[in-house]
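Just so it is clear, none of the values below were taken in a lab; they were calculated from the coordinates. If you're wondering where the values come from, they're calculated on a predicted model, not measured in any experiment. Counting neighbours? That spans all protein chains shown, and the Cβs are built from the backbone with ideal geometry, glycine included.
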Amino acid sequence: MATTESAAEVDGKFDPAEELEGGSYRPALVKLVEDVRDSERRLLRGFGSRREILLWTQELAVRTLGEMPQDWFHQMARQFRGVPSSDQERTLVSTLLRPNYRTRDLAEAKAREFRRQLSAKTIRPAAHRAFRELRADAGEYVDNGDSDQHAPGKQQFVAMRPAIHELHENQESTLEALLDGFDDREAILDWGHDLELATHGEIDEEFVTRCYGERSTRRLLTDAGQSDRRGRELFAAHYLIPVFNRGVRDLAGRAKEQANEQLEETSTTTL
């Protein structure tokens, strides 16, 4: 019989800042590690919907600095197709959902083991590669150790890279807009500008043109039916998130470090 988590385990969100009160001379590395730890904990806890899985996947791509294997995103996309002639999810998606949100009978012990395997075999190696990429450029703060610049928990930005954090915000809002659906064809065109930023220019140049011009795609993106909502989830998993990962990977090698405190001082100076 599958067991379910307590309400505290399900609803309580892990706040990395609570565990990062101390300072560090290289806080960007600590921030990177703790963000991945947070993503892992959410994975092990399980998700409440397919949409939640997609948003977590997008964030994971950012937090691992684009080092997750491209093939993994394509494998995930195939799992969002569902089972033909059935309302059930495919097995992989089912293992990521908490028991109360599954459409198929699945032993929770097996599902939890799959999530642990995903963390151990796929996420950890990607996180290691991200750490090695970041370590060469991670700033060292050798002034007063009590400064907020030393505190990873007080850093807002992914890996203390404002440009990467900005990309994350663009990706998240662009993904949510797609999942919600669009009012009309003109909204699809407007969304295309946001998509350019969210993919860091990695999206195919004809992609938005096809979204606008192909009748079946246009209907999928604008209709409000349940099947269309699920179709948009598959659309996002197949077309957007793999490209998001490529965009993060391209930007990660160019982004510069900046502590929150430094950014606030710069903003004040320019007002």
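Miscellaneous remarks
- Neighbourhood charge, 13 Å Cβ-Cβ cut-off, centred on ALA120 and excluding it, Lys, Arg +1 and Asp, Glu -1: +3
- Along its three principal directions, the equivalent ellipsoid of the stretch 170-230 from the Cα gyration tensor extends over semi-axes of 19, 14, 9 Å, largest first.
- 15 Å beta-carbon shell around GLU214, net charge (K/R +1, D/E -1): +2
- With neighbour counts taken as other beta-carbon atoms within 10 Å, the residues MET76, MET160 rank, fewest first, as MET76, MET160.
- Amide H contacts of LEU97 (H built 1.01 Å from N, in plane; Pro and chain starts excluded): PHE47 sit under 5 Å, all sequence-distant by 5 or more or on other chains.
- Around GLY225: net Lys/Arg minus Asp/Glu count, Cβ-Cβ under 12 Å: +2
- Ascending count of other beta-carbon atoms within 10 Å, so fewest first, for THR91, THR57: THR91, THR57
- Amide hydrogen neighbours beyond the local backbone of PHE182, cut-off 5 Å, H modeled: THR222
- For the peptides 99-112, 239-252, 118-131, 204-217, the ranking by packing is 239-252, 118-131, 99-112, 204-217, with the highest mean count of neighbouring Cβ atoms within 10 Å listed first.
- Stretching ASP190 away from ALA120 to a fully extended chain increases their span by 21.2 nm, per 0.36 nm per residue minus the current alpha-carbon distance.
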